[in-house]
Amino acid sequence: MIVLALAGMASTFSLGRWQLSRADEKRALQALVAERQQQPLLDGASLVGALSATQLEALRHRAISLQGKWLPERTVYLDNRSMDQRAGFYVLTPLHLLGHETVVLVQRGWAPRDFADRLALPEVATPAGTVRISGRIAERASRVYALGEEGRELIRQNLDLDAFRVETGLPLAPVVVWQTGAPSDGLLRQWPEPSSGLVTHQGYAFQWFGLCALIGLLFVWFQVVRPVFRSPGR
C-alpha cells in the first residue's frame with residue numbers, strides 16, 4: 001500500500017507540475033505576442049525570398065499589411081470551425097503579392113455553415129483587382145484533430161502548407177497570415193488568442209494537486225489513524 005500510495009502521489013504531483021509548466025509557457029507566449037504586436041508594421045517584402053528558421057521565428061505574431069490580388073480558384077474551406085458558438089468554416093485564399101512572385105496564404109475569416117446542406121459553400125465575396133489587407137503572421141493555418149490524411153477537396157479538416165505548395169504549384173511563403181480587422185466579404189475575424197488556455201492549465205494543475213493530497217490523506221487515514229483507533233485497548 002505504501003508503494004501504491006507513493007506512486008499515485010508522485011504521478012499526480014508530476015502531472016500538476018506539468019500543467020503549471022504549460023501555463024508558464026502560455027504566459028510567456030502572451031508576453032511575446034504583446035511585445036511583437038507593438039513592433040513596427042511589416043509589409044509583403046518581409047515574406048519574399050528564402051527565410052531562415054531564425055527569421056521565420058522572428059516574424060511570428062508580427063502585424064503585417066499586404067497588397068496583392070486574390071487567387072479565388074485556390075480557396076479552401078476548413079471545416080468544423082466555430083465562432084461565437086456557431087459552426088462554420090475558416091476560409092483560406094492565396095494572395096499574390098503586388099510586384100513579387102511570392103504568394104501568401106491568407107486565413108481570411110469565418111463563415112457560417114448551411115445546416116440544410118453540409119457540402120454547401122458559404123457565400124464569400126472575393127474582390128477582383130488589387131486589395132490591401134492587414135493581419136498577423138502565423139506559423140500555419142488553424143488546425144483541429146483529424147484522423148487520416150487530408151484530401152484535396154474544397155472542404156477539408158486541415159491544410160498543410162508544404163503539401164498545399166506541392167498541390168497547387170504556387171510559390172507560397174513559408175508562413176500564413178491571419179487577416180484581422182472588421183467583418184467584410186461575408187467573413188468574421190474574431191480569432192482565438194495564441195496564448196488562450198492559461199486558466200485551463202491552472203485549473204488542471206489544481207485538480208492534480210488536489211488528487212495528490214487526497215491520496216495522501218486517505219493513506220494516512222486508512223493505514224495510520226484508523227488502525228490506531230481499532231487497536232486493542234481503545
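Regarding the range 54-77, can at least one residue be identified that is among the hydroxyl-bearing types (Ser, Thr, Tyr) and either free of Cβ contacts under 8 Å to residues at least 24 places away in the same chain or assigned to a helix (DSSP H, G or I) (or both)?
yes
Pairs, please: C-beta under 9 Å, at least 6 apart or cross-chain, first residue within 19 Å of residue 183 (Cβ to Cβ) and of a type in the set (Asp, Glu) and in the range 97-117, second open to solvent by 70 Å² or more (accessible area, probe 1.4 Å) and not in a strand (DSSP E or B)?
Taking only residues 6 or more apart or on different chains, the pairs are 114/121.
Given (1) farther than 26 Å from residue 59 by Cα; (2) modelled with pLDDT of 95 or more, where does residue 110 come up short, assuming only one miss?
Going through the list (1) farther than 26 Å from residue 59 by Cα; (2) modelled with pLDDT of 95 or more, residue 110 breaks only (1).
Has the range 29-45 got any residue that is outside any strand (DSSP E or B), buried (at least 16 other Cβ atoms within 10 Å of the Cβ), in contact with a helix residue (DSSP H, G or I) (Cβ under 7 Å, 6 or more places away or on another chain) and among the charged types (D, E, K, R)?
No, the conditions are met nowhere in the range 29-45.
Among the residues of the range 108-167, which ones are in a strand (DSSP E or B), out of contact with any Pro (no Cβ under 7 Å at 6 or more places or on another chain) and surrounded by 15 or more Cβ atoms within 10 Å (Cβ to Cβ)?
Of everything in the range 108-167, those that are in a strand (DSSP E or B), out of contact with any Pro (no Cβ under 7 Å at 6 or more places or on another chain) and surrounded by 15 or more Cβ atoms within 10 Å (Cβ to Cβ) turn out to be 108, 109, 110, 131, 133, 135, 136, 137, 138, 155, 156.
Would you confirm whether any residue within the range 79-87 is crowded, with 16+ Cβ neighbours inside 10 Å, assigned to a strand (DSSP E or B) and either at pLDDT 95 or above or basic (Lys, Arg) (or both)?
Yes: one or more hits.
Residues of the range 1-18 being over 33 Å from the mean Cα position of the chain (by Cα) and either modelled with pLDDT of 85 or more or part of a helix (DSSP H, G or I) (or both), which ones?
2, 3, 4, 5, 6, 7 - these are the residues of the range 1-18 that are over 33 Å from the mean Cα position of the chain (by Cα) and either modelled with pLDDT of 85 or more or part of a helix (DSSP H, G or I) (or both).
I need a count of the residues in the range 187-234 that are in a helix (DSSP H, G or I) and at pLDDT 80 or above.
So the answer is 20.
Can you confirm whether the range 83-92 contains a residue that is more than 24 Å from the chain's Cα centre (by Cα) and of a type in the set (Gly, Ala, Ser)?
Within the range 83-92, none of the residues are more than 24 Å from the chain's Cα centre (by Cα) and of a type in the set (Gly, Ala, Ser).
When the range 110-127 is examined, which residues are found to be touching a strand residue (DSSP E or B) at 6+ places or on another chain (Cβ under 6 Å) and within 17 Å of residue 69 (Cα to Cα)?
Correct list: 124, 126.
The values are calculated or read from the model by the stated rules, or taken from the named source; none is laboratory data. Treat the numbers as computed from the prediction; the structure is a model and nothing was measured. Note that each Cβ is placed from the backbone with ideal geometry, even for glycine, and that neighbours are counted across all protein chains shown. Please note that ligands, DNA and RNA were not included when accessible areas were found on the heavy atoms of the full protein model with its side chains. Shrake-Rupley method; radii C 1.70, N 1.55, O 1.52, S 1.80 Å.
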